[in-house]
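Reviewing the structure listed below.
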Amino acid sequence: MYVVELAVKFAAGKTKVLAGTGGNSTDEAIYLTIAAEKGGADGSLQVAPYYNKPTQEGLFQHFRAIAYATKLPIVLYSIPARCGVEIGVDTVKRLACDCKNIVGIKEAGGNADRVSQLRAALGPKFVILSGDDSLTLPFMSVGAQGVVSVASNLIPRELSHMVRAFASGRPAAALKLHERFYPLFKDLFIETNPVPVKAALAMLGRIEEEYRLPLVPMNPKNREILRATLKMCGVLP
């Protein structure tokens, strides 16, 4: 929780801190969420339980138990490619109805149809966020409100401008930014996230390039592809 506490300290009230406190053990997720609440986080991001692949009823019970244990607003995180299970639309609706502090979802299944289904089921107040930079505008066009971004670690101002432009009725301006940075959005996943974005930040001199096993440094060929993309997009001199 030290990282959460540091984030809260440096955010200094200027922005919200959404702490990733999910897990595939309900008890552990509750423990981490309570700790984040005590540490000053403004909300909790709760990933679908991975590996054990619970049923939809299991997902419902898991997230409800966490929601009942905290006063923090909770954003669900559906990413079936990593977790092996999708949080069903009906399950999200049940949770939103039963738990007033479940307020949104990070949708990382790559399917705009699901965004339409979620919006129809949950109404206009429930927050839907894209989990993929490259799908931000397609998702916003059918009801999402923004993105939980990887690329914003490198270009926070530009990502903010893109989202705000689309939200304020300036789709052409948003599309121009999307087109400029689309190659970067894709190449930040040339290997498993977060390896490429850490490599990119190190290229910019913002961090030391460190990984914990089983993650390892990028393949040299992919590193050069990423470097070229960063230069092409104007991120790296």
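Lys/Arg Cβ at +1, Asp/Glu Cβ at -1, dipole of the stretch 153-227 taken about the Cα centre: which of P156, P171, P214 is farthest positive-ward?
Of the candidates, P171 comes out farthest on the positive side.
Work through the residues other than D187 whose Cβ is under 14 Å from its Cβ and net out their charges, Lys, Arg +1 and Asp, Glu -1. Let's see the in-between values first.
Numbers: positive: R180, K186, K198, K221, R223, R227, K231; negative: D132, D133, E191, E224.
Neighbour charge sum, excluding D187 itself: +3.
Can you list which of the trypsin sites (Lys or Arg not before Pro) found in the stretch 1-104 are DSSP loop residues with at most 16 other C-beta atoms within 10 Å?
Here the trypsin sites (Lys or Arg not before Pro) that fit, given the DSSP loop and packing criteria, are K14, K16, K71, K100.
Can you compute 3J(HN,Hα) from phi for each residue in the stretch 150-159, using the Karplus curve 6.51 cos²θ - 1.76 cosθ + 1.60 with θ = phi - 60°, rounded to whole Hz and x for Gly and Pro?
So the Karplus estimates, Gly and Pro as x, are 8, 5, 5, 5, 9, 10, x, 5, 5, 5 Hz.
Is there a quick way to get the dipole size of the stretch 103-237? I mean about its Cα centre, with the Cβ of Lys and Arg at +1 and of Asp and Glu at -1; what is the value in debye to the nearest 20?
Its charge dipole is roughly 300 debye.
So which trypsin sites (Lys or Arg not before Pro) in the stretch 153-190 pass both tests, a DSSP loop state and at most 11 other Cβ atoms within 10 Å of the Cβ?
none
Within the chain, what's the longest run with no chymotrypsin sites (Phe, Trp or Tyr not before Pro) in a DSSP loop and at most 16 other beta-carbon atoms within 10 Å? Give the range, please.
Excluding the exposed sites themselves, the longest stretch runs over 52-188.
Using +1 on the beta carbon of Lys and Arg, -1 on that of Asp and Glu, and nothing else charged, what's the dipole of the chain about the Cα centre, debye to 20?
600 debye
Read through the labelled values (1) 1, 7, 15, 19, 20, 17, 11, 6, 3, 1, 0, 0; (2) 1, 6, 13, 16, 18, 18, 15, 9, 4, 1, 0; (3) 1, 6, 12, 14, 14, 12, 10, 8, 7, 6, 4, 3, 1, 1, 0 and report the label of the one computed as P(r) over Cα pairs in 5 Å bins from 0, in percent from the structure.
Here P(r) over Cα pairs in 5 Å bins from 0, in percent agrees with entry (2).
Which value, in debye to the nearest 20, describes the size of the charge dipole of the stretch 1-129 about its Cα centre when Lys and Arg Cβ atoms bear +1, Asp and Glu Cβ atoms bear -1, and nothing else is charged?
On the way: 15 positive and 11 negative charges, 75 e Å.
That gives the stretch 1-129 a dipole magnitude of about 360 debye.
Computed from the coordinates by the stated procedures, all read-outs in this text should not be read as laboratory data. Please read these numbers as outputs of a predicted model, since none were measured by experiment. Heads up, the Cβs are rebuilt from the backbone with ideal geometry, glycines too, and the neighbour counts pull from every protein chain shown.
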